[in-house]
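Written below as C-alpha cells is the structure these notes are about.
Coordinate-derived values only; no laboratory data. These numbers come from a predicted model, not from an experiment. Cβ atoms come from the backbone with ideal geometry, glycine included; neighbour counts cover every protein chain shown.
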Amino acid sequence: MEHRKKVPVFIILIFHLFMDVRAVETDTTGFRLGAKIGAGTTCLTHHHLYMLGDSRVTFTMGFTGEYWFKPWLAARLSVEYTHKGGSMLNPRLFYAKDDPMLGIPEWDKTLYAANLTIHALEIPVTACFAIPLKGSAFKPFVVIGPSFGHNFHARADNYYRWEFNGTPNDLLDETSDFVTDKIEPWNISVYTGLGMEIHTKKKPVFEVGITFRLGMTYEDRFYYTLYHKYSTVSTFACIGMKF
C-alpha cells in the first residue's frame, strides 16, 4: 500500500519539474560561470588519414566562463583537464623505454603492444551560436573555435609477449614508462560541439552536449619511429551546470 502511494507522488514531482522548465524564457544575456564533466573516446591518427591502434576511453572536467552578447551569440573561455592517447598501438612507434625495435632475445621476450596516456590541460576559446526558442526552456547551440593545449605528463604501458622454444605463449608482461620527454608540450586543435541548454525558473542552467577535438599539430617529438607524425582526435559527451 505504501508503495502505491509513492508512485503518484513521484509523478506529481516530475509534472511540477516539467512545468517549471517550460515556464522559462531563454532570451537572456550577460555573464555565466559553470563547470562540466564528460567521458568519451580518443585515438591517435597518422596525418588524419587513418587511426593508429585502437581508441581508448577518456575523461574530461573543467570550468567555463561565457558572456552572452545576444540571446543567440556568446563568447566562451574554458579550462579543461583531459587525457588522450590510444591503446594496442604498434610497439614500433617509440614507447619502449630503450630501443623500440628490440625485445629481449636472450629471454625470448618480444615487445607486443603499447597503450599511451597523455595528460593535458586544454583551453578552448570558442564562439557559441544558439537558437532561442520562444516560450521554451530548451536552447540548442553550436560552438566552434581553437583549443590551446599543454601536455604535462605522458605514460606508456608496454606489453611484452613471452615465447618458449619458439612457441607463442599467452603470458604477457607489462611495464610502465614515463615518456613525457617524447611528447610535444604544446598543441593546437579545432574544437567543435553541439549542445542544449536547459533553463529552469531558478538557477542553475543545465547543459548537455557532445564535443569533438581534432588535433592540428603533431603530438610527438621523437622521430626515429614507424609513424612519427601523429595527432590526437577526441570525442566527449558532457554534462554541466552554469550560474
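Below, the figures for the structure above:
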quantity: FRET efficiency estimate (nearest 0.05) - Cβ-Cβ, Thr175 to Ile37, R0 25 angstrom; calculated: 0.20
quantity: For peptides 133-139, 212-218, sequence by mean Cβ density within 10 Å, most packed first; calculated: 212-218, 133-139
quantity: Stretchable slack from Thr29 to Trp186, in nm (0.36 nm times residue separation minus alpha-carbon distance); calculated: 53.1 nm
quantity: For Ser136, distant residues with modelled amide H under 5 Å away; calculated: Thr26
quantity: Computed E for Tyr67/Met196 - FRET, C-beta separation, R0 22 angstrom, nearest 0.05; calculated: 0.65
quantity: Sites Leu121 and His47, calculated FRET efficiency, Cβ-Cβ separation with R0 41 Å, nearest 0.05; calculated: 0.95
